[in-house]
Amino acid sequence: MALQLWQILKEAILAFFLYSPLVILTVLSLFLVLLFVIAMYQMALGWFTSLLADLRARSSTTDEVPRIPQPVQVGEITENELRQYDGSDPKKPLLMAIKHQIYDVTTSRMAYGPGGPYALFGGREVSRALAKMSFEEKDLTWDISGLSSFELEALQDWEEKFMSKYTKVGTVKVTGSEADSGIHSDIEIGLNVNVESLR
């Protein structure tokens with residue numbers, strides 16, 4: 001039955017197209033393959049076009065690296081005012097103080113800014129902490145009295161590093177009780193004498 005149907009179909013194709021059924025099927029197959037290739041090309045082209053558009057959109061947002069603003073002079077400010085510059089507000093500079101000298105450390109936001117390994121130093125006067133290599137809250141202060149000569153030398157090294165790497169933008173205002181006690185002038189004199197004697 002199937003063989004008879006094939007013979008009838010074959011004779012009809014020969015009568016109508018004047019070609020053998022094998023040629024007709026080959027041409028039809030090639031046409032279907034061509035349609036398939038065109039469809040796959042269109043699909044791949046659409047996929048790659050959308051992929052390129054996504055990549056361009058992503059690269060344009062990642063190319064916009066936030067510019068680090070030029071250091072702004074803050075003048076003489078109190079320790080409480082200094083705390084506003086701890087890096088939590090990206091519009092403000094990131095500041096730190098050593099021996100009452102305030103430095104703009106915005107370029108090292110990854111280290112001293114929020115989430116950084118030294119984030120607790122941001123917006124603070126950290127002379128004692130740096131001298132003692134301490135991360136304790138009680139050492140986040142300007143008071144360097146009672147430090148050993150080794151610690152004073154370490155503080156001097158830190159100060160020199162900050163002076164060479166960062167811009168000085170101000171000073172920490174000495175409050176009335178600190179000025180009256182004369183602690184700061186004693187500390188400065190003691191530090192200079194101790195460090196010079198070590199060299």
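Values as computed for the structure displayed
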read-out	value
Test: residue in region 82-90 that is charged (D, E, K, R), at negative phi and in contact (Cβ under 8 Å) with a residue 40 or more places away in the chain	yes
All positions within region 124-144 that are of a type in the set (Gly, Ala, Ser) and out of contact with any Asp or Glu (no Cβ under 8 Å at 6 or more places or on another chain)	Ser134
Test: Val23 is surrounded by 11 or more Cβ atoms within 10 Å (Cβ to Cβ) and either assigned to a helix (DSSP H, G or I) or at pLDDT 80 or above (or both)	yes
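The values are calculated or read from the model by the stated rules, or taken from the named source; none is laboratory data. All values reported here derive from a predicted model rather than from experimental measurement. Glycine gets a Cβ as well: all are built from the backbone with ideal geometry, and neighbour counts include every protein chain shown.
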